[in-house]
Amino acid sequence: MPRPIGWNKRDPELGKLKIEARFFGPALTFYRQSGRFEQWETFAPSEEDWDKLNVLAENKFQRGKMQKKQMRIIRARGDKV
């Protein structure tokens, strides 16, 4: 199973958030966590989140840490290809 791609983001309402995009088969799910001991919750990503994921995934792909089919899913914005 591939490792999740994660980054930190600051939200004016929720404060500092940890964001992770996780693959499970062909499904891509976004999770966020507001505090260290808080539960991870799913959410609908914004365009900014998709752009950040695309940049991070492209870097992983160039280093050989990500497969082509996962890159296709990210470029299709999570739709099945």
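The values are calculated or read from the model by the stated rules, or taken from the named source; none is laboratory data. As the structure is a prediction and not an experimental result, all values here were calculated from the model. Glycine gets a Cβ as well: all are built from the backbone with ideal geometry, and neighbour counts include every protein chain shown.
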**OP:** Kindly establish whether W50 is touching a strand residue (DSSP E or B) at 6+ places or on another chain (Cβ under 8 Å) and of a type in the set (F, W, Y).
**Re:** no
Subject >> Qualifying residue in segment 46-59 (condition: among the hydroxyl-bearing types (S, T, Y) and at pLDDT 95 or above) >> reply: no
Original post:
Can you tell me which residues in segment 68-81 are assigned to a helix (DSSP H, G or I) and either touching a residue at least 60 places away in the same chain (Cβ under 8 Å) or surrounded by 13 or more Cβ atoms within 10 Å (Cβ to Cβ) (or both)?
Top reply: Q70, M71, R72, I73, I74, R75
**OP:** Kindly indicate whether K65 is basic (K, R), out of contact with any Leu (no Cβ under 7 Å at 6 or more places or on another chain), in a helix (DSSP H, G or I) and surrounded by 11 or more Cβ atoms within 10 Å (Cβ to Cβ).
**Re:** no
Original post:
Quick one: in segment 28-51, which of the residues that are farther than 21 Å from A76 by Cα and among the polar types (S, T, N, Q) is surrounded by the fewest Cβ atoms within 10 Å (Cβ to Cβ)?
Top reply: Q39
**OP:** Run down N8, N54 and say which single residue is surrounded by 13 or more Cβ atoms within 10 Å (Cβ to Cβ) and of a type in the set (S, T, N, Q).
**Re:** N54
